Amino acid sequence: MCTVVIDVADAGSSRLLAVRDEDPQRAWDHVGAWWPDEYPGAVGIRDRRAGGAWLAVNPAEHRLAVLLNRADVLDLPDAASRGSLALESVTGRSPAGTPRMHGFNLLEATPDAARVISWDGIALRETPIARGVHMIAHDDLDDPGTPRIAAWLPRFRATEPDAWVGLLAETAQLPAEDDRAIIRDNRPHGYPTQSLLFCTATVSDAGVQVHDQALPRPGHWTPE
């Protein structure tokens, strides 16, 4: 149940804020070049268990990708890991056909364009991201049926990207179990995941910049 906010600008650039929700027992590594042999040039946040990435960038190719889970229409008990998707994307290989994976939203950004590739177990589809500020979580882009998008997208659209982290802190005044929360504790909703970190990133002709920041404790903006 991760969340991404993206601003696609006219001048060939995108700004992004991404919050990662994951099981706190699942170890991860901060942004680094963890795949020098299999994905040379890729840098990202590594999931130690499966070896893949939630967010990845390729500075030389000016590419960024973020992986978000999405509900399946079909049950796929033997599905492959989705952790390779962001890494494949930033090396120029987007998903195609009928992936044998659980549902996902894969946000891809380059200086020229941004899009979301969605898979629900039946159909793979592409949604171009138009100029302006948008949000995505576990459903469609800017989905008004997603409470956190309905609650906060107007505020993000009214706030300069440089101030988005401050707005994210404001959203954390909501209880982490609230459906409108972005800094989340999803356990009351039947999932073991909690918000663990956030990233800010810029993609432009000048290159890619990314910074990640762990939360002081899962599902909380501030320490006890």
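The values are calculated or read from the model by the stated rules, or taken from the named source; none is laboratory data. Source: prediction; values computed, not measured. FYI the Cβ positions are ideal-geometry reconstructions off the backbone, even for glycines, and counts take in every protein chain you see. All accessible areas refer to the heavy atoms of the entire protein, side chains included, with ligands and DNA or RNA removed. Shrake-Rupley method; radii C 1.70, N 1.55, O 1.52, S 1.80 Å.
Things worth noting here:
- Computed over neighbours whose Cβ is under 12 Å from that of Leu141, the net charge equals -2, Lys and Arg +1, Asp and Glu -1.
- Largest accessible area first, the listed residues His211, His138 line up as His211, His138 when surface is computed with a 1.4 Å probe on the assembled protein chains.
- Under the combined filter of DSSP loop state and at most 11 neighbouring Cβ atoms within 10 Å, the stretch 5-56 retains these trypsin sites (Lys or Arg not before Pro): Arg48.
- Förster radius 25 Å - calculated FRET efficiency between Ile122 and Ala80, Cβ distance, rounded to 0.05: 0.90
- Pair-distance distribution P(r) for the stretch 1-89, from all Cα-Cα distances in 10 Å bins starting at 0: 15, 45, 31, 8, 0 percent.
- Net charge over other residues, Cβ less than 12 angstrom from the Cβ of His189 (K, R count +1; D, E count -1): -3
- In the elastic network of the chain, a GNM with C-alpha springs shorter than 10 Å, the most mobile of Ala201, Ala158, Ala65 is Ala158.
- Residue (of Gly44, Pro95, Ala137) at the positive-pole extreme of the chain, dipole from beta-carbon charges: Gly44
- Around Leu64: net Lys/Arg minus Asp/Glu count, Cβ-Cβ under 15 Å: -2
- Each residue, Arg131 and Ala163, gets one label point 7 Å from its Cα in the Cβ direction; the gap between the two is 2.3 nm.
- Choice from Pro36, Pro24, Pro161 with maximal GNM fluctuation in the chain (Cα, 10 Å cutoff): Pro36
- Once the C-beta distance of Arg155 and Ala60 is scaled by a Förster radius of 45 Å, the resulting FRET efficiency is 0.80 to the nearest 0.05.
- If only the Cβ of Lys and Arg carry +1 and only the Cβ of Asp and Glu carry -1, the dipole of the chain around its Cα centre is close to 120 debye.
- When only Cα pairs below 8 angstrom with a gap of at least 6 residues are kept, the stretch 1-77 shows a relative contact order of 21 percent.
- Extension gain, Asp37 back to Ala50 (0.36 nm per residue minus Cα-Cα distance, nm): 3.1 nm
- Between the stretch 5-25 and the stretch 160-188, the C-alpha centres lie 14 angstrom from each other.
- Once C-alpha pairs closer than 8 Å and six or more residues apart are averaged by separation and normalised to the residue number of the chain, the relative contact order reads 23 percent.
- Accessible surface of Thr202, taken over heavy atoms with a 1.4 Å probe and every protein chain present, rounds to 40 Å².
- Projected area averaged over orientations for the stretch 139-191, convex hull of C-alpha atoms, nm²: 3.8
- Backbone N under 16 Å from the Thr98 label point (7 Å along Cα→Cβ), restricted to the stretch 110-125: 119-125
- For the residues Gly207, Gly41, Gly145, a GNM of the chain with alpha-carbon springs under 10 Å puts the largest fluctuation on Gly145.
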